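Enquirer: This structure is in C-alpha cells; I'll ask about it shortly.
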Amino acid sequence: MPLEEYRRKRKFTETPEPAGRVRRTARSRIFVVQKHAARRRHYDFRLAIAGVLVSWAVPKGPSMNPAEKRLAVRTEDHPLEYADFEGVIPEGQYGAGTVMVWDKGTYEPAGDIPPEEQLARGKIDVVLQGKKLRGGFTLVQTGGRWLLIKHRDEHADPSWDVDGPELDRSALTGRTLKEIEEARPGKKR
Ligand code: MN
C-alpha cells in the first residue's frame with residue numbers, strides 16, 4: 001500500500017496534516033517543495049508520480065546553481081493533498097515543526113520515459129515550472145542516496161542562495177515561516 005508508511009507515522013487526530021488517499025487515475029504532474037522547520041531544518045521535494053507525491057528530504061535545499069549537487073534522501077510517499085499543506089505539526093508528533101509551501105508548480109518529464117519508469121531506474125529528468133524553481137533538474141540515485149542537480153540551462157543561476165531574503169516566503173500564501181507559526185490554531189498571543 002503506497003501510503004501505508006505515511007499513515008503509520010502520523011496520528012491524524014493530533015496533526016493537521018491530511019490523511020489523503022492514493023489517486024491512481026490522477027494524471028497530475030505537480031511538484032511541491034516544502035520548507036520544514038523540524039528539529040533539523042530541511043526542504044522536502046515532492047513529485048506527483050503514479051497518484052502519490054514521491055518525496056525526498058533535501059537538507060541544504062534545492063539549488064539553481066548546477067555546480068551545487070544537493071543530497072536528497074528518499075522519504076515515504078505522501079498523498080497528493082499534501083501539496084497544499086502549510087501549518088504547524090504539533091510537538092511530540094512525527095515531523096513536529098512548521099511547514100511552508102516554499103514552491104509549487106508543474107513538471108514535465110524530459111524525454112520519452114514516463115516518470116514511473118524514471119523513478120524505477122533511479123534517474124529522473126524533469127523540467128519544473130514553479131515560482132522559484134524553473135527549468136531542468138535531475139534526481140539521480142547513487143547507492144542509497146540521491147542527488148538533486150540543476151541542469152545547465154537558461155534558468156541556471158550561479159549566485160543562487162536558497163536562504164536569500166527574496167526566497168523566504170510561501171508560494172501559496174506569501175507568509176514567512178514565523179508568520180505561519182504565529183497563525184497556528186490555539187497559539188497564545
Ligand atoms: Mn520534512
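The values are calculated or read from the model by the stated rules, or taken from the named source; none is laboratory data. It should be emphasised that the depicted structure is a prediction, and the values quoted were computed from it without experimental measurement. Because the Cβ atoms are built from the backbone with ideal geometry, glycine has one as well, and the counts that use them run over all protein chains shown. The area values use the complete protein model at the heavy-atom level, side chains included, leaving out ligands, DNA and RNA. Shrake-Rupley method; radii C 1.70, N 1.55, O 1.52, S 1.80 Å.
Enquirer: Identify all residues within segment 111-131 that are closer than 26 Å to Arg8 by Cα and open to solvent by 40 Å² or more (accessible area, probe 1.4 Å); write none if there are none.
Expert: Glu116, Ala120
Enquirer: Hey, another quick one. Would you be able to say whether some residue in segment 166-174 is among the acidic types (Asp, Glu), open to solvent by less than 90 Å² (accessible area, probe 1.4 Å) and either at pLDDT below 95 or assigned to a loop (DSSP other than H, G, I, E, B) (or both)? It would help to see each step written out before you state the result.
Expert: Initially, segment 166-174 is screened for residues among the acidic types (Asp, Glu), giving 166, 168.
Adding the requirement that they be open to solvent by less than 90 Å² (accessible area, probe 1.4 Å) leaves 168.
If we keep only those that are either at pLDDT below 95 or assigned to a loop (DSSP other than H, G, I, E, B) (or both) as well, we get 168.
Yes, because at least one residue in segment 166-174 is among the acidic types (Asp, Glu), open to solvent by less than 90 Å² (accessible area, probe 1.4 Å) and either at pLDDT below 95 or assigned to a loop (DSSP other than H, G, I, E, B) (or both).
Enquirer: Do we find a residue being in contact with a helix residue (DSSP H, G or I) (Cβ under 7 Å, 6 or more places away or on another chain) and either within 16 Å of the ligand (Cβ to nearest atom) or without any contact (Cβ under 8 Å) to a residue 40 or more places away in the chain (or both) anywhere in segment 113-125? Explain how you work it out, then say what you get.
Expert: Going residue by residue through segment 113-125, those that are in contact with a helix residue (DSSP H, G or I) (Cβ under 7 Å, 6 or more places away or on another chain) are 124-125.
Now narrow it down to the ones that are either within 16 Å of the ligand (Cβ to nearest atom) or without any contact (Cβ under 8 Å) to a residue 40 or more places away in the chain (or both): 125.
Taking every residue of segment 113-125 in turn, at least one turns out to be in contact with a helix residue (DSSP H, G or I) (Cβ under 7 Å, 6 or more places away or on another chain) and either within 16 Å of the ligand (Cβ to nearest atom) or without any contact (Cβ under 8 Å) to a residue 40 or more places away in the chain (or both).
Enquirer: Another question, then. Give segment 17-29 a look and list any residue that's out of contact with any strand residue (DSSP E or B) (no Cβ under 8 Å at 6 or more places or on another chain) and either among the hydrophobic types (A, V, I, L, M, F, W, C) or not in a loop (DSSP other than H, G, I, E, B) (or both), or say none.
Expert: Ala19
Enquirer: Sticking with this one: Looking at segment 40-62, which of its residues are more than 23 Å from Ile180 (Cβ to Cβ) and assigned to a loop (DSSP other than H, G, I, E, B)?
Expert: Ala50, Gly51
Enquirer: Of all residues in segment 132-160, which are outside any strand (DSSP E or B) and open to solvent by less than 80 Å² (accessible area, probe 1.4 Å)?
Expert: We begin by selecting, within segment 132-160, every residue outside any strand (DSSP E or B); these are 132-133, 143-144, 151-160.
Lys132, Leu133, Gly143, His151, Asp153, His155, Ala156, Asp157, Trp160, listed by residue number.
Enquirer: Determine which single condition Glu17 fails, assuming it passes every other condition in (1) under 20 Å from Leu172 (Cα atoms); (2) without any contact (Cβ under 8 Å) to a residue 40 or more places away in the chain.
Expert: Of the numbered conditions (1) under 20 Å from Leu172 (Cα atoms); (2) without any contact (Cβ under 8 Å) to a residue 40 or more places away in the chain, the odd one out for Glu17 is (2).
Enquirer: Looking at segment 82-110, which of the residues that are open to solvent by less than 60 Å² (accessible area, probe 1.4 Å) and away from the ligand (no atom under 16 Å from the Cβ) is modelled with the lowest pLDDT?
Expert: Across segment 82-110, the extreme among qualifying residues is Ala110.
Enquirer: Six or more apart or on different chains, Cβ atoms under 9 Å: show the pairs whose first residue is in segment 55-72 and free of Cβ contacts under 8 Å to residues at least 40 places away in the same chain and whose second is open to solvent by less than 60 Å² (accessible area, probe 1.4 Å) and of a type in the set (Lys, Arg).
Expert: Listed by first residue and then by second, the contacts come to Ser55/Arg46; Pro59/Arg70.
Enquirer: Next up: Phe31: closer than 27 Å to Gly136 by Cβ and within 11 Å of the ligand (Cβ to nearest atom), yes or no?
Expert: Values: closer than 27 Å to Gly136 by Cβ: yes; within 11 Å of the ligand (Cβ to nearest atom): no.
It is false that Phe31 is closer than 27 Å to Gly136 by Cβ and within 11 Å of the ligand (Cβ to nearest atom).
Enquirer: Let me ask another. Can you say whether Glu179 is modelled with pLDDT under 95 and outside any loop (DSSP other than H, G, I, E, B), as far as the supplied structure shows? Let's see the steps before the verdict.
Expert: On the way: modelled with pLDDT under 95: no; outside any loop (DSSP other than H, G, I, E, B): yes.
So Glu179 does not fit the description; no.
Enquirer: Determine which member of the set Glu91, Glu81, Glu14 is outside any loop (DSSP other than H, G, I, E, B) and over 27 Å from His151 (Cα atoms). Don't jump to the end; show me each part of the working.
Expert: Values: Glu91 fails: outside any loop (DSSP other than H, G, I, E, B); Glu14 fails: outside any loop (DSSP other than H, G, I, E, B).
Being outside any loop (DSSP other than H, G, I, E, B) and over 27 Å from His151 (Cα atoms) holds for just one of Glu91, Glu81, Glu14, which is Glu81.
Enquirer: For segment 59-75, name all the residues that are open to solvent by 10 Å² or more (accessible area, probe 1.4 Å) and within 15 Å of the ligand (Cβ to nearest atom).
Expert: Pro59, Lys60, Arg70, Leu71, Val73, Arg74, Thr75
Enquirer: Can you spot a residue in segment 3-24 that is open to solvent by less than 80 Å² (accessible area, probe 1.4 Å), within 13 Å of the ligand (Cβ to nearest atom), within 24 Å of Pro114 (Cβ to Cβ) and modelled with pLDDT of 95 or more?
Expert: Step one: filter segment 3-24 for residues open to solvent by less than 80 Å² (accessible area, probe 1.4 Å), giving 3, 5-6, 9-10, 12, 15-20, 22-23.
Then drop every residue that is not within 13 Å of the ligand (Cβ to nearest atom), which leaves 6, 9-10, 15, 17.
Remaining after also requiring within 24 Å of Pro114 (Cβ to Cβ): 6.
Going one step further and asking which of them are modelled with pLDDT of 95 or more, we end up with 6.
Within segment 3-24 (the criterion being open to solvent by less than 80 Å² (accessible area, probe 1.4 Å), within 13 Å of the ligand (Cβ to nearest atom), within 24 Å of Pro114 (Cβ to Cβ) and modelled with pLDDT of 95 or more), the answer is yes, since at least one residue qualifies.
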